[in-house]
Amino acid sequence: MKYNGETLTLDFVKPGIAEISFDRHKASVNKFDALTLTELKQVVDELSRDKAAQGLMLTSGKNVFVVGADITEFGQWFAKNQQQLVSDLLSIHDTFSAIEDLPLPTVAVINGFALGGGFEVCLACDYRIMSTKARVGLPEVKLGLFPGWGGTIRLPRLIGADNALQWIGLGQNKTPEQALNEGAVDAVVKPEDLKKSALSLLEACIEGKLDYSARRNDKKSPMRLTEIERIMVFETAKSVIKTKAGPHYPAPMTALRCMEKHARLDRDNAAKVEAEAFAELAKNEVAHNLVGLFLNDQSLSRIAKAYAKQSLPVKQAAVIGAGIMGGGIAYQTALKGIPIVMKDIAAHAVESGLAHARNLLLKQIERRRATPGQMSEVLTRINPTLNYGDIEGADIVVEAVVENEDIKKGVLSELENTLSETAIIASNTSTISISKLAESLENQERFCGMHFFNPVHVMPLVEIIRGKNSSKQAIATTVTFAKNIGKNPIVVNDCPGFLVNRVLFPYLNAFSALIRDGADFQKVDRIMEDFGWPMGPAYLLDVIGIDTAFHAGSVLAAGYPDRMQNAYTTPIEALYDAKRLGQKSGSGFYRYEEDKSGKPKKKRDESVYELIQSPAESHAFNEQEIIDRMMIPMCLETARCVEEGIVESAMAADMGLIWGIGFPPFRGGALRYIDAVGIESFCKSADQYAALGKAYQPTEEFRASAADGERFFKESG
């Protein structure tokens, strides 16, 4: 028989040997969407009745095998009730089990990425042959889920429960060597030898030289664990997974409990356990939010690709200012293969910038993520200089000198006189108006903002700030440059603080007001970390730098005096005056000592209370009061940014906060957080704190949305 569908084909490559090839029409990759699953069921049903078939190989017509499920369809899944979802999952189980039950040997030919459902279908085959260039894995936990198409059943029976728990609980992709060593694949060969090897393997099975039935039976039977082994494996893993996953990400622990529950069951009964556990997890808000973030990321990538079509090529870059930011920008650019000139006015500053890049590369070598040869290549792409003449050929120049408007304007004016007319000039400023800085330039169209976050090599976000005269080409080129050096660009319009700092400071001001009203800053830190932030507000301020926060806060207060100006001496001001600048000075809200690896370790310092002591009596705020007082002004300011068109969409706003300041990903972002509470309920909570000022008062547009029952994100589920 032959079959030519929209997503796959079936044909005989030689007498007796059938080939199902995943090859979706007009697509660059294969995904498991509803159509693919339907077509796969049809061809497997037909093949099971074809007496001429003696062996089957699953292949791909793309450069990848199957990259997983079509995540754009998850919203439809999440909208179903739990019983419907279980039924759908068991239907997919039936299809994969039908492959496993075919009266003939089967082999998956893994030529590229086989992830999630793409690897689960490989596990349903008797054998797996993997290309040296391929990767396999079960990354579902990153979406708040776990493998729900038989992955929790077949993988532990194939490679052992302890190994499978690590694969599924961490969600990491595996190299061919790792997959082979752990028994997840049977052979690793060069790409050109894949099909030849598969044919040889199938022929050996047909001739009776290999017992594929025994391998199959192992996957269909209960796990081969004694009662003591079962207890030891799962109990040991529980503490490890609980520590790594944390309290807010239930998927890894749910996967473990699911595997523990079906360890003594055969395949078909285990499938029911897996389907029910997966369906329960899919209805959880965390999965909904993490899938939403994945789709947001995909949407923003498409927007960046659209900008790339309008971009000028960047073959040579430059950065002015060789401090921590300039050195970080130079390192990141060179790391991604783009030559960059790093200029400063002082030789020691240039050497410091180079040393910063060198140290980052040495850490990569220590972690075995780079070789000395690669380090040398990266460093040769950084050209340190004291002369403006060396940047004449740059296609884009990032100004990263001190955060002072007059100094920046002077540097920008010099740059304009040095560069070609087509070169783009971008300012790495965190607070100064791009439109104001542009006043120093004759051609303001070539200028925009490019706000990196510290540390540059770690933080994924770059804000691209559109001044009132920035051209489309300047924005497009800067967006594309950011993307090409491995960053996630978000375009925002010019305003005090842009997006991230504008939204962050109402949160920090709320923290100051809590201390003023008698809250213990360490309790606030603890509660906000429990809420999901990587660090509490006091610790965050110490990491940012009290001086940086003080100066940025002054800009924001001047820009939004109605809701960001404080009529009292804040803890930030008190620490700034006392020269307790945070980690950089060894003390801020906390005291810092270096640990054995040289990293600053946070310590309690009771003496700080004398500096920030509130005139108010100590007040025992409850947990929800602290969360509300911290989160309401941040969320309302994010909504204002969308209303005013500072950021193009709720999606971009939420991703900016997650990438820029570590907003808890499992909560989906500030605006998804409002959606989860409900806009009307959020307004009622805000109204309880209206006396605290305008930062807690929703706009009329926000209240209208509440009255209409609207959401920032329209998807259901």
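Some notes on this structure:
- Residues being assigned to a loop (DSSP other than H, G, I, E, B) and under 20 Å from Pro460 (Cα atoms) - total across segment 321-344: 4
- Of residues in segment 345-391 being in a loop (DSSP other than H, G, I, E, B) and in contact with a helix residue (DSSP H, G or I) (Cβ under 6 Å, 6 or more places away or on another chain), the one nearest to Ile425 (Cα to Cα): Arg381
- Taking the criterion of being over 26 Å from Ser433 (Cα atoms) and under 30 Å from the mean Cα position of the chain (by Cα), the residues of segment 555-587 that qualify are Gly582, Gln583, Lys584.
- Entirely in segment 66-142, the strands (runs of 3 or more DSSP E) that have 2 or more residues that are in contact with a helix residue (DSSP H, G or I) (Cβ under 6 Å, 6 or more places away or on another chain): 106-110, 127-131
- Across segment 250-275, the number of residues qualifying as in a helix (DSSP H, G or I), touching a residue at least 40 places away in the same chain (Cβ under 8 Å) and surrounded by fewer than 18 Cβ atoms within 10 Å (Cβ to Cβ) comes to 2.
- When Phe589 is tested against the conditions (1) crowded, with 19+ Cβ neighbours inside 10 Å; (2) in the same structural domain as Phe663 (by TED's automatic domain parsing), the lone failure is (2).
- Residue match in segment 68-82 (condition: surrounded by 16 or more Cβ atoms within 10 Å (Cβ to Cβ), modelled with pLDDT of 95 or more and under 26 Å from Asp193 (Cα atoms)): yes
- Looking across segment 599-658 at every residue that is assigned to a helix (DSSP H, G or I), small (Gly, Ala, Ser) and out of contact with any strand residue (DSSP E or B) (no Cβ under 6 Å at 6 or more places or on another chain), the one that is farthest from Glu573 (Cα to Cα) is identified as Ala650.
- Flag if Ser440 is buried (at least 18 other Cβ atoms within 10 Å of the Cβ) and at pLDDT 95 or above: yes
- Residue within segment 394-411 that is surrounded by 15 or more Cβ atoms within 10 Å (Cβ to Cβ), over 18 Å from Ile329 (Cβ atoms), in the same structural domain as Ile324 (by TED's automatic domain parsing) and not aliphatic (A, V, I, L, M) present: yes
- Odd one out for Phe621, checked against (1) closer than 27 Å to Ala567 by Cβ; (2) modelled with pLDDT of 95 or more; (3) aromatic (Phe, Trp, Tyr): (2)
- Screening Pro247 with (1) of a type outside the set (Ser, Thr, Tyr); (2) more than 23 Å from Arg224 (Cα to Cα); (3) in a helix (DSSP H, G or I) gives one miss only, at (3).
- Selection within segment 1-48 - within 16 Å of Ala124 (Cα to Cα), polar (S, T, N, Q) and part of a strand (DSSP E or B): Ser21
- Test: residue in segment 341-350 that is of a type outside the set (Val, Ile, Thr), under 26 Å from the mean Cα position of the chain (by Cα), at negative phi and assigned by TED's automatic domain parsing to the domain that holds Ser427: no
- In the set Leu89, Leu40, Leu85, only one residue is in contact with a Ser or Thr (Cβ under 8 Å, 6 or more places away or on another chain) and surrounded by 21 or more Cβ atoms within 10 Å (Cβ to Cβ); that residue is Leu40.
- Residue selected from segment 135-149 under the condition closer than 10 Å to Phe119 by Cβ, of a type in the set (A, V, I, L, M, F, W, C) and under 22 Å from the mean Cα position of the chain (by Cα), by the criterion surrounded by the fewest Cβ atoms within 10 Å (Cβ to Cβ): Val136
- Residue in segment 488-497 that is in contact with a strand residue (DSSP E or B) (Cβ under 9 Å, 6 or more places away or on another chain), of a type in the set (A, V, I, L, M) and farther than 18 Å from His451 by Cα present: no
- Those residues of segment 664-694 which are without any contact (Cβ under 8 Å) to a residue 40 or more places away in the chain and assigned to a helix (DSSP H, G or I), in sequence order: Ile674, Asp675, Val677, Ile679, Glu680, Ser681, Cys683, Lys684, Asp687, Ala690, Ala691
The values are calculated or read from the model by the stated rules, or taken from the named source; none is laboratory data. On a predicted model such as this, the values are computed, not experimentally measured, just so you know. Reconstructed Cβ throughout: ideal geometry from the backbone, glycine too, with neighbour counts over all protein chains shown.
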